[in-house]
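Worksheet: one structure, shown below.
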Amino acid sequence: MTLFEQPVENAPREKLRDVQSQKLRELFRVVFERNRFYTEKWREAGIARGELGSLADLAKLPFTHKSELARAQDEAPPFGTNATFPAEAYSRVHQTSGTTGGPLRVVDTPESWEWWGRCWRFVLRGAGVTPSDRVFLPFSFGPFIGFWAAVEGVRQLGAMMIPGGGWDSLERLRMMRDLGATVICCTPTYALRLAEVAREHRFEMRSIPVRALIHAGEPGANVAQTKARIEAAWNAKCFDHAGASEVGAHSFECERQPKGIHVIESEFIPEVIDPETGKKMQPGEAGELVITNLGRPGFPAIRYRTGDLVRLNLSPCACGRTFARFDGGLLGRVDDMVTIRGVNVYPTAIENLIRQFSAVDEFQVRVKTRQEMGHLEVQIEVHSGSDAEDVRMRVEQAIYRALSLRPTVTVAPAGALARFEMKARRFQRLDQG
Ligand SMILES: [Zn+2]
């Protein structure tokens, strides 16, 4: 197996900590007194410059919330005070998709853009992509950073990049077949959508030589049933990857597919906390991912609360990497987690239950909670030719058996539920006190 950076990716964990320590020290040195946002934040928390020098000092720093970065942007528009260098040092601007709150702009210097591509190379190499691959990117190039970063990673790796923006799904399928695409990067939902379009048009999926799909934007690629469905439809392996505009491309799945993703610990420091109390969680316990990036000093994320739920696993992986893993990938958003009769239920668990029914084409879930009691309303679209009532009843029973709560499952007309090319929003949570 070829690892991207042998001395780092399979280094003993003490060596990894040395690498993190060294990069963190350099980050503190560059950021303190140059970056207005962090300097003010740390001063308010009573941190003196001399106090920051080691990995252990990280825990002294306050968490950074997305709302603070948004405020920092409003205070000094258009880019905000989280800037370590003068404006002319930056060469790229992107913005978040704005799924929570308004769009947040992020800026990169040429060096930090190289770093983005470098992190993406971990993702690509993790999925076994080599310079002889042809990577299809079915995106229109808006301001969302993930797509651009994928392009940079493919460029650095030296594989062929096939741009597929501005085409409809059928045209994209034909293009992949005609150009011999071997890798595709998209959301899990879009991979399933392409397979659905192929079925509608009697397009032969096996005529496309894709052997790896790299997914991000949603947890699906680590939801066992969704992964199985994508792999069967494409006759290829599907790999999960996670990142965020504010933070970087931080995690990837390796070829051993260990039911989780590796976090690139040479470029990021992950911490897992109880989202309510901020207390550190132990490996194996689910909590909120807090991340510090080490290669983007111009727009750093230091102890940034991602809002993503993860479960840390420090044991070595069969692939040889020592980078820690998030078991099950991103388990969902902290805000989407519901507690039903004392049990934490994540959207990915519900997705996994529904996706085991191959007759279900699409679904939507509404969770209503009232005083710790949850009620699930599920809408499903059933594949034509299947007995809709039978599928409906079986979905209802499967959820009841797994979660011990009786959902209301209804069948929506074909094509009635939203299809997603970007971040799917299949879960809606309504709190009723
Ligand atoms: Zn691995």
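The values are calculated or read from the model by the stated rules, or taken from the named source; none is laboratory data. Please read these numbers as outputs of a predicted model, since none were measured by experiment. For neighbour counting, all protein chains shown are included, and Cβ atoms are generated from backbone atoms with ideal geometry for every residue, glycine included. Surface areas here come from the heavy atoms of the whole protein model, side chains and all, with no ligands, DNA or RNA. Shrake-Rupley method; radii C 1.70, N 1.55, O 1.52, S 1.80 Å.
Summary table
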| item | result |
| --- | --- |
| Subset of the range 190-203 [open to solvent by 10 Å² or more (accessible area, probe 1.4 Å) and either in contact with a Lys or Arg (Cβ under 8 Å, 6 or more places away or on another chain) or modelled with pLDDT under 90 (or both)] | LEU192, ARG193, PHE203 |
| Condition met for ALA242 (within 24 Å of ALA224 (Cα to Cα), more than 16 Å from the ligand (Cβ to nearest atom) and buried (at least 24 other Cβ atoms within 10 Å of the Cβ)) | no |
| Unique match (being buried (at least 21 other Cβ atoms within 10 Å of the Cβ) and either hydroxyl-bearing (Ser, Thr, Tyr) or within 18 Å of the chain's Cα centre (by Cα) (or both)) among PRO143, PRO219 | PRO219 |
| Which numbered condition ALA149 misses (of (1) free of Cβ contacts under 8 Å to residues at least 60 places away in the same chain; (2) open to solvent by less than 20 Å² (accessible area, probe 1.4 Å); (3) in a helix (DSSP H, G or I); (4) closer than 27 Å to PHE323 by Cβ) | (1) |
| Residue within the range 152-161 that is crowded, with 19+ Cβ neighbours inside 10 Å, within 16 Å of the ligand (Cβ to nearest atom), of a type in the set (A, V, I, L, M, F, W, C) and not in a helix (DSSP H, G or I) present | no |
| Filter result for GLY298 (touching a residue at least 60 places away in the same chain (Cβ under 8 Å) and away from the ligand (no atom under 16 Å from the Cβ)) | yes |
| The range 251-284 - residue that is assigned to a loop (DSSP other than H, G, I, E, B) and in contact with a Cys (Cβ under 9 Å, 6 or more places away or on another chain) and, of those, farthest from the ligand (Cβ to nearest atom) | GLU267 |
| Any hit, the range 320-337, residues being more than 16 Å from the ligand (Cβ to nearest atom), polar (S, T, N, Q), surrounded by 18 or more Cβ atoms within 10 Å (Cβ to Cβ) and under 30 Å from GLN6 (Cα atoms) | no |
| Residues within the range 27-55 that are more than 11 Å from ASN82 (Cα to Cα) and under 27 Å from the mean Cα position of the chain (by Cα), tallied | 3 |
| Residue within the range 206-213 that is crowded, with 24+ Cβ neighbours inside 10 Å and closer than 19 Å to ALA349 by Cβ present | no |
| Exclusive hit being of a type in the set (A, V, I, L, M, F, W, C), open to solvent by less than 30 Å² (accessible area, probe 1.4 Å), under 30 Å from PRO7 (Cβ atoms) and part of a helix (DSSP H, G or I), set TRP42, TRP116 | TRP116 |
| Meets criteria (of a type in the set (A, V, I, L, M, F, W, C), open to solvent by less than 20 Å² (accessible area, probe 1.4 Å), touching a residue at least 60 places away in the same chain (Cβ under 8 Å) and more than 16 Å from the ligand (Cβ to nearest atom)) for LEU289 | no |
| The range 220-239 - residue that is closer than 22 Å to PRO347 by Cα and part of a strand (DSSP E or B) and, of those, nearest to the ligand (Cβ to nearest atom) | PHE239 |
